[in-house]
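These notes concern the structure reproduced below.
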Amino acid sequence: MPVSPMRVAMLSAHSCPVGKLGTKDTGGMSVYIRELARELADRGHIVDVYTRVHDPEDREIYELARNARLIHLKAGEDEEMQKLDVYSHLPDFACNLERYRRQSDLRYDLIFSHYWLSGLAGAYLQQRWHVPHMIMFHTLGAVKNRIKEEARLANGGDEPELRIETERRLVGSCHRIIASTPREQEDLIRYYGASLDKINVVPCGVNLGQFKVIDRTLARQHLGFGEERIILYVGRLDPLKGIDKLIEALPLLSHIPGVRLVVIGGGEDSQHEVEQLRGLARGLGVQDAVSFVGLVKHEQLPYFYSAADVCVVPSHYESFGLVVLESLACGTPVVATDVGNHRDVIRDGETGYVVTDNTPGRLAEKIALLLCRTGADKGSALLCRSSVSRFGWSGVAQSVVSDCQEVLAHYLVAAS
Ligand code: UDP
């Protein structure tokens, strides 16, 4: 059925979708927004993604694709700030957006906000524009607090009540919530009293054209890697990601020769975390087996995934977990905790293992199986890849478009 073009305002106030992936506040959500914006534009829809100026060098407008733009608006100082500090600049953000829209003579059919902070700006604009408001929370404050307390993380339970209360209000006021997993849907109902019919579960995707199987030898040559057994970690260096548990698993793998852990992620803003992890590795006597590579551009990651023997996602919490999809798309098996969508994505014993928790012993046991497997050949790489072929971004966009159309139709009927 042909779908008439929609004009969508996407909001990503706190995090820039073209920011450096792997820094403190820039990860899966940014990938999601830019991939989805491009896919929607490819289908003839018009998408403007709004974010705040994070850097004086930011251009006002970036062309993400034909019909998809990223627009920077002033809100507070032109620099990175703590997520929570963005809260007090949201009124400026929303007012500047409205001013820009009027000056440019723009009109939108729908608002799609990402994360609770943008949700707040979206709720304000919704009332002025009289269009439906969709939200994707990406992570939920109440769930983060529960997980941090259970895992006894140093900063346990520090998601402020302001966030949780705002999320609760947004859940009530918005017209549709996109959850990336059934688990998130359950959390929205359990912790926020969301009504089931307001939520649509649409998994995240992977760019199957970019994340491809590269011959392992070629990938290693490209990166200057030798014949070690490589365990790969990719992601932000956040305590919730459980990288410390992965480092603690290394001494338990000492019976396997030539093991190296390659840690990707963490920019200049994560030096403290890197030092802490280095200290942990030193204390365990495995410092020579860990390489902290820092940030790697998304386009370069297929080399790392393809060169690795196993990718590990030891997180205490993930809303979805894009890294698992990316690694499998590059043909490399994954050991991951039972969070996000991991259980649905990983075929236990075939494309990796899902562990009930990230205790070092459990991680080491499954990592060892993959490091020592015989017959890890092209066939197993293709099996990993084919297992995620259903997760292309075009399928995600198709589901989101159907959802937008349905929400729009309901809104127009209710308004008439
Ligand atoms: N990433 C990257 N370079 C880095 C570190 C991470 O491109 O140095 C990307 C990674 O490939 C993935 C995203 O950042 O696409 C992280 O998404 P994920 O869903 O795994 O975690 P989140 O950041 O949402 O917690």
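The values are calculated or read from the model by the stated rules, or taken from the named source; none is laboratory data. Everything quoted here is computed from the prediction, not taken from an experiment. We place every Cβ from the backbone using ideal geometry, glycine too, and count neighbours over all the protein chains shown. Side chains included, ligands, DNA and RNA excluded: accessible areas come from the protein's heavy atoms. Shrake-Rupley method; radii C 1.70, N 1.55, O 1.52, S 1.80 Å.
Numerical summary
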| read-out | value |
| --- | --- |
| Principal axis dimensions, largest first and in whole angstrom, of the stretch 347-388 by Cα | 30, 22, 10 |
| Residue (of ILE264, VAL290, THR181) at the positive-pole extreme of the stretch 166-290, dipole from beta-carbon charges | THR181 |
| Rg(Cα)/(2.2 N^0.38 Å) for the stretch 369-416, N = residue count | 2.17 |
| Helical mean residue ellipticity (222 nm; -39500 (n - 2.57) per DSSP H run of 4+; nearest 500) of the chain | -12500 deg cm²/dmol |
| Heavy-atom accessible surface of the chain: percent carbon and sulfur, 1.4 Å | 49 |
| P(r) of the chain over all Cα-Cα pairs, binned every 10 Å from zero, in whole percent | 5, 22, 32, 25, 13, 3, 0, 0 |
| Most mobile listed residue (THR139, THR166, THR351) in the chain, GNM with C-alpha springs under 10 Å | THR166 |
| Cα-derived Rg to Rh of the stretch 279-416, Kirkwood definition | 1.10 |
| 23 Å Cα-Cα reach of LYS148 towards lysines, excluding residues that sit fewer than 8 places from it in its own chain | LYS24, LYS83, LYS241, LYS245 |
| GNM flexibility winner over the chain from PRO239, PRO314, PRO257 (Cα, springs under 10 Å) | PRO257 |
| Of ARG128, ARG260, ARG34, the one that fluctuates the most in a GNM where the chain has Cα springs shorter than 10 Å | ARG128 |
| Length gained when the stretch GLU406-ASP338 is fully extended (0.36 nm per residue, less Cα-Cα span) | 21.2 nm |
| Percent RCO, i.e. relative contact order, over the stretch 19-85, from Cα pairs under 8 Å lying at least 6 residues apart | 28 |
| Sequence-distant residues sharing a close amide H with GLY266 (under 5 Å, placed H) | THR23, LEU237 |
| For the chain: relative contact order, % (alpha-carbon pairs under 8 angstrom, 6 or more apart) | 16 |
| Beta bridges by DSSP in the chain, antiparallel share as percent, to the nearest 5 | 10 |
| Dipole-positive endmost among LEU125, TYR192, SER104 within the stretch 83-202 (Cβ charges, Cα centre) | SER104 |
| Overall dimensions of the stretch 1-158 by Cα: Rg and Dmax, Å | 16.0, 52 |
| Phi-based couplings in Hz for the stretch 356-370 (Karplus 6.51, -1.76, 1.60; Gly and Pro marked x) | 5, 8, 9, 4, x, x, 5, 4, 4, 4, 6, 4, 4, 4, 7 |
| Heavy atoms of SER254 accessible to a 1.4 Å probe, total area in Å² rounded to 10 | 100 |
| Cleavage-rule hits, GluC sites (Glu not before Pro), the stretch 42-129, DSSP coil, Cβ neighbours within 10 Å at most 14 | GLU57, GLU60, GLU77, GLU79 |
| Relative contact order (%) - criterion: Cα under 8 Å, at least six apart; region: the stretch 310-401 | 31 |
| Loop-resident sites, the stretch 344-411, for trypsin sites (Lys or Arg not before Pro), counting at most 13 other Cβ within 10 Å (DSSP) | ARG373 |
| Longest to shortest principal axis, alpha-carbon extents of the stretch 286-328, angstrom | 32, 26, 20 |
| Hydrodynamic radius (Kirkwood) for the stretch 81-193, which is based on Cα pairs only, to one decimal in Å | 15.1 |
| Surface per residue (accessible, 1.4 Å probe) for the stretch 24-84, Å² | 46 |
| Debye log10 I(q)/I(0) at q = 0.18, 0.20, 0.24, 0.31 Å⁻¹ for the stretch 208-250, Cα point scatterers | -0.77, -0.86, -0.93, -1.05 |
| The chain - charge dipole about Cα centre, Lys and Arg +1 at Cβ, Asp and Glu -1, debye rounded to 20 | 740 |
